[in-house]
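Step one of this worksheet: look at the structure below.
The values are calculated or read from the model by the stated rules, or taken from the named source; none is laboratory data. The shown structure was predicted, so the numbers you read here are calculated from the model rather than taken from an experiment. Quick reminder, even Gly has a Cβ in these numbers, built from the backbone with ideal geometry, and neighbours come from all protein chains shown. Surface accessibility is based on the protein's heavy atoms, side chains included, excluding ligands, DNA and RNA. Shrake-Rupley method; radii C 1.70, N 1.55, O 1.52, S 1.80 Å.
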Amino acid sequence: VQLVESGGGLVQPGGSLRLSCKASGGISLVYVMGWYSQVPDNGGRELVATIATTDVIQYGEFVNGRFNISRDGAKNTVNLERNNLEPGDTGVYYCHFRNWSGYWGQGTQVNVSS
């Protein structure tokens with residue numbers, strides 16, 4: 001499975017973010033896709049949100065309604081959106097795909113700064 005991420009870059013505080021991830025190659029009928037973030041000075045990747053082919057959504061504990069995840073099943077694509085970005089949202093965002101195995105995207109950098 002290959003994952004291609006898009007979006008990210010430099011965003012001003014209060015701006016909006018839309019990340020997309022497209023999966024291809026060996027896609028099963030049932031899978032879970034989502035996003036994890038790795039912020040500076042934090043060694044681990046934290047769950048932002050995942051969405052399954054059943055449309056069951058899971059958000060990370062720190063999200064508190066600040067992110068929205070959606071998917072396009074026909075395109076095997078998952079999108080992550082956030083309005084009113086804050087500097088604390090700066091980090092690398094990784095797409096993840098899971099069926100019987102797990103796969104990571106290369107990560108996309110998001111910098112929230114004026």
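Data table
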{"read-out": "Checklist (1) over 20 Å from Val112 (Cα atoms); (2) in a strand (DSSP E or B) applied to Ile69, failing item", "value": "(1)"}
{"read-out": "Matching residues in region 82-114 - criterion: being surrounded by 17 or more Cβ atoms within 10 Å (Cβ to Cβ) and either over 14 Å from the mean Cα position of the chain (by Cα) or acidic (Asp, Glu) (or both)", "value": "Leu85, Asp89, Asn99, Val112"}
{"read-out": "Residue ID - nearest to Tyr94 (Cα to Cα), chosen from residues in region 1-20 that are in contact with a Gly (Cβ under 6 Å, 6 or more places away or on another chain), assigned to a strand (DSSP E or B) and open to solvent by less than 60 Å² (accessible area, probe 1.4 Å)", "value": "Glu5"}
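For (1) of a type outside the set (Ser, Thr, Tyr); (2) without any contact (Cβ under 8 Å) to a residue 60 or more places away in the chain; (3) open to solvent by 60 Å² or more (accessible area, probe 1.4 Å), each residue gets a yes or a no:
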| site | (1), (2), (3) |
| --- | --- |
| Ala52 | yes, yes, no |
| Asp55 | yes, yes, yes |
| Gln58 | yes, yes, yes |
| Phe67 | yes, yes, no |
| Arg71 | yes, yes, yes |
| Asn76 | yes, yes, no |
| Leu80 | yes, no, no |
